[in-house]
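Below is one structure, written out as structure tokens; the observations come after it.
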Amino acid sequence: MENLDFLSVLIPLSIILMAIITKDVVVSLLFGIFFGELILNNYNPFEALIKLLDTFIGLFAEGWITKTVIFALLVGSIIKLISRSGGVDGFINYLSQKQQSIDSPKGALFLAYFLGVIIFIESSITSLVAGTVARPLCDKNGVSREKLAFVCDSTSAPVCSLIPFNAWGALLLGLILASITDGVIEGEALPLLVESIVFNFYSLIILIMVFLVILFDINIGAMKHSKAVPFKDEFTDKKEHRSPLLMVLPIVVLIVMVPISLLYTGDGDILKGSGSTSVFYSVITTLIFIYIYYRVNGYMSHKEYFSFLYEGIADMIPVVLILLLAFLIGSVIKELGTATYIATTLKEASVPTFVLPAFIFLVASLTAFSTGTSWGTFSIMMPIALGLAGTFDLNTPLMIGAVISGGIFGDHVSPISDTTIISSMASGCDHIEHVRTQMPYALIGAGVATLLYLIFGYLN
């Protein structure tokens, strides 16, 4: 195909613009994919539509894509089964009974922090559980709900991105594997994702910052003026509570099965194991364990199990749709030569290659802030970042980490982000106040992250 130059960049730009206008990442990705196919098919809308549909169906011919999709769907089932079994409520009640040992301002916030770190399956659940459990204790000890919302928000998406045994991991693995399959980069998807964790600077920095903020009661900016809500004792004891093991044991099985499956698929070498196959095996094993454990102990009937399993699958359909559209947009961007054009332009402009990780971080941050979605940002920016990594022979995990960090930071400070909204809702504070009080901490973290990307880019 002839050199499309700036036209190739219009696709990701159009997706960002549409996301800002529509606030809908699915519509935005579909628009971008169709726009790209329109360019690739000589501006014939009929041919572009047919190609889009054919390519979408063709995705399922790839075994790794099908496994990744099934993994994402079944993670939803695991979440739903744990929740409907009473496992989450049992875990919350168990912690509530232990409140006497953490009945202090620091203890209340560390409870939220602890919950945010250990519940890493899904960012919304992390925020909801941490906010719900810690809010009464924060009110009782004079801790503002804005500060609680900051802790909840800062330990939801960042933790999910650092411990990728969840739908986040499925999306990121899929995006990396797509670039490997297309020959953009070399290596194995799961080892690259694991190696990128140390370069996910913003997530690591913000977790450390939150710990220090709680430990030393650091209040900066608008947080200095946030006030605690008068305490109302709304806790009522239930006669019967389910065991917290209903939640804990399935999560343990899910985590443990991943390295075991990697060893199996890699013939004893965990680094050579198949990431998509391993996470697929882990969710299947977890669902079997849940069925046996819940049925034998009488926590759930056969009919209830499958009813909740199907509900969980239904809950994940929007996520899977984004995942599939992310694969498509990556393919379109590759065919248009977007990454090649950007790389060529940067070379002609004599831009030092060491600034590229910081550049990717900042562009991903702006994209996530404007769109309110880290997932949509990963879908747009990962193919471009990996294309630059391949062209300039940059450290691939460093570039992956820059994309993830940028998506997390932009999503963290965006007022239209779902995690931002859920954190303020779960903590019971005004949404805009949450954004205002959180912003200074997030900007400090982003500033340090940018400096680190410049340093590591230079060392690379």
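Hey, among the residues in region 48-69 that are of a type in the set (D, E, K, R) and under 19 Å from residue 333 (Cβ atoms), which one's surrounded by the fewest Cβ atoms within 10 Å (Cβ to Cβ)? If you could, list the steps in order and put the result at the bottom.
From region 48-69, those of a type in the set (D, E, K, R) are 51, 54, 62, 67; that's our starting set.
Subsequent filtering for residues that are under 19 Å from residue 333 (Cβ atoms) retains 51, 54, 62.
Working: 51: 19, 54: 9, 62: 16.
The extreme case among them is 54.
Do any residues in region 180-196 that are closer than 18 Å to residue 384 by Cα have Cβ atoms under 7 Å from those of residues that are among the basic types (Lys, Arg), where the two are at least six apart or on different chains, and which pairs are they?
Within 7 Å, the pairs are 182/334; 184/334.
The conditions are (1) surrounded by 19 or more Cβ atoms within 10 Å (Cβ to Cβ); (2) in contact (Cβ under 8 Å) with a residue 24 or more places away in the chain, and residue 460 fails exactly one of them. Which is it?
The single condition residue 460 does not satisfy is (1).
When the residues of region 290-345 are narrowed to those that are polar (S, T, N, Q) and closer than 30 Å to residue 32 by Cα, which ends up surrounded by the most Cβ atoms within 10 Å (Cβ to Cβ)?
Pass one, region 290-345, residues polar (S, T, N, Q): 297, 301, 307, 331, 338, 340, 344-345.
The next check asks that each one be closer than 30 Å to residue 32 by Cα; those that pass are 331, 338, 340, 344-345.
On the way: 331: 19, 338: 24, 340: 17, 344: 14, 345: 13.
Once the filter is applied, the top-ranked residue is 338.
Condition first: part of a helix (DSSP H, G or I), surrounded by fewer than 19 Cβ atoms within 10 Å (Cβ to Cβ) and among the small types (Gly, Ala, Ser). Can you find one or more residues in region 447-454 that meet it?
Taking region 447-454 as the starting set, the residues that turn out to be part of a helix (DSSP H, G or I) are 447-454.
Still in the list and also surrounded by fewer than 19 Cβ atoms within 10 Å (Cβ to Cβ): 447-448, 451, 454.
Then drop every residue that is not among the small types (Gly, Ala, Ser), which leaves 447.
Yes, that holds for at least one residue.
When the residues of region 1-30 are filtered to those that are modelled with pLDDT of 70 or more and in contact with a Leu (Cβ under 7 Å, 6 or more places away or on another chain), which remaining residue is surrounded by the fewest Cβ atoms within 10 Å (Cβ to Cβ)?
This residue is 26.
Pick out the one residue from 377, 391 that is hydroxyl-bearing (Ser, Thr, Tyr) and in contact with a Gly (Cβ under 7 Å, 6 or more places away or on another chain). Walk me through how you get there before you give the answer.
On the way: 391 fails: in contact with a Gly (Cβ under 7 Å, 6 or more places away or on another chain).
Exactly one residue qualifies, and that residue is 377.
Being surrounded by fewer than 23 Cβ atoms within 10 Å (Cβ to Cβ) and assigned to a helix (DSSP H, G or I) is the filter; apply it to region 412-421 and report the residue that is modelled with the lowest pLDDT.
418
Would you mind stating whether residue 366 is part of a helix (DSSP H, G or I), closer than 30 Å to residue 55 by Cβ and at pLDDT below 75? Outline the logic, then answer.
Numbers: part of a helix (DSSP H, G or I): yes; closer than 30 Å to residue 55 by Cβ: yes; at pLDDT below 75: no.
Here the answer is no, as residue 366 does not meet what is asked.
Please state which one of 424, 379 is touching a helix residue (DSSP H, G or I) at 6+ places or on another chain (Cβ under 8 Å), over 19 Å from residue 179 (Cα atoms) and either basic (Lys, Arg) or modelled with pLDDT under 95 (or both). Before you say what the answer is, go through the steps one by one.
On the way: 379 fails: over 19 Å from residue 179 (Cα atoms).
Only one candidate passes the filter, namely 424.
Checking residue 384 against (1) surrounded by 21 or more Cβ atoms within 10 Å (Cβ to Cβ); (2) at pLDDT below 80; (3) of a type in the set (A, V, I, L, M, F, W, C): exactly one of these is not met. Which one?
Every listed condition holds for residue 384 apart from (2).
In region 114-135, which residue that is surrounded by fewer than 23 Cβ atoms within 10 Å (Cβ to Cβ) and at pLDDT 75 or above is farthest from residue 438 (Cα to Cα)?
My answer is 118.
Please state which of the following conditions residue 399 fails to meet, knowing it meets all the rest: (1) surrounded by fewer than 24 Cβ atoms within 10 Å (Cβ to Cβ); (2) in contact with a Leu (Cβ under 8 Å, 6 or more places away or on another chain).
Of (1) surrounded by fewer than 24 Cβ atoms within 10 Å (Cβ to Cβ); (2) in contact with a Leu (Cβ under 8 Å, 6 or more places away or on another chain), only one is false for residue 399: (1).
Matching residues to (1) touching a strand residue (DSSP E or B) at 6+ places or on another chain (Cβ under 9 Å); (2) assigned to a helix (DSSP H, G or I); (3) closer than 28 Å to residue 188 by Cβ; (4) modelled with pLDDT of 75 or more:
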| site | (1), (2), (3), (4) |
| --- | --- |
| 251 | no, yes, yes, yes |
| 254 | no, yes, yes, yes |
| 257 | no, yes, yes, yes |
| 271 | no, yes, yes, no |
| 276 | no, yes, yes, no |
| 289 | no, yes, yes, yes |
| 311 | no, yes, no, yes |
| 319 | no, yes, yes, no |
| 324 | no, yes, yes, yes |
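The values are calculated or read from the model by the stated rules, or taken from the named source; none is laboratory data. Just so you know, these numbers come straight off a predicted model, no measurement behind them. Note that we place each Cβ from the backbone using ideal geometry, even for glycine, and neighbour counts take in every protein chain shown.
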